[in-house]
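The values are calculated or read from the model by the stated rules, or taken from the named source; none is laboratory data. Treat the numbers as computed from the prediction; the structure is a model and nothing was measured. Neighbour counts run over all protein chains shown; Cβ positions are idealised from the backbone, glycine included.
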Amino acid sequence: MSFVLESCSLYQDLMSEARDPMYRAMSYIARQGGPKILGPADELANLKAHRAAMAAWLQAQEDVQRLAEDYAQYRVRWSPVFRD
């Protein structure tokens with residue numbers, strides 16, 4: 001069975017329409033050497049503006065399956081930063 005990026009939680013969170021999952025995925029990608037989140041990280045519109053660059057970086061990685069697997073653990077340990 002081959003790895004399908006679109007079915008992993010990292011990609012699904014990145015493509016989410018909700019701020020917290022998208023931020024969680026983007027902060028993970030940035031920690032792995034990907035693009036940084038520029039501007040206010042708590043604003044959904046700003047996150048959406050950076051999503052394409054994050055997705056392109058992720059898709060270009062040779063070890064994307066490992067990143068996706070590691071993200072599952074990151075996701076378990078992560079807690080929301082923003083208080084609404």
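What to note about this one:
- Neighbours by Cβ (under 8 Å, 6+ apart or cross-chain): first from region 45-70, of a type in the set (Phe, Trp, Tyr); second part of a helix (DSSP H, G or I) and surrounded by 14 or more Cβ atoms within 10 Å (Cβ to Cβ): TRP57/ILE29
- Selected residue (criterion: nearest to ARG19 (Cα to Cα)) from residues of region 53-81 that are among the β-branched types (Val, Ile, Thr) and in a helix (DSSP H, G or I): VAL76
For every residue, the table says whether it meets (1) at pLDDT below 95; (2) closer than 17 Å to ALA72 by Cα.
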| residue | (1), (2) |
| --- | --- |
| VAL4 | yes, yes |
| ALA30 | no, yes |
| GLY33 | no, no |
| GLY39 | yes, no |
| ALA45 | no, no |
| LYS48 | no, no |
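- Counting only residues that are more than 17 Å from ASP70 (Cβ to Cβ) and either assigned to a loop (DSSP other than H, G, I, E, B) or in contact with a Pro (Cβ under 8 Å, 6 or more places away or on another chain) (or both), region 5-52 holds 16 of them.
- Scanning region 7-23 for residues that are farther than 20 Å from ASN46 by Cβ, surrounded by 14 or more Cβ atoms within 10 Å (Cβ to Cβ) and among the small types (Gly, Ala, Ser) yields a count of 1.
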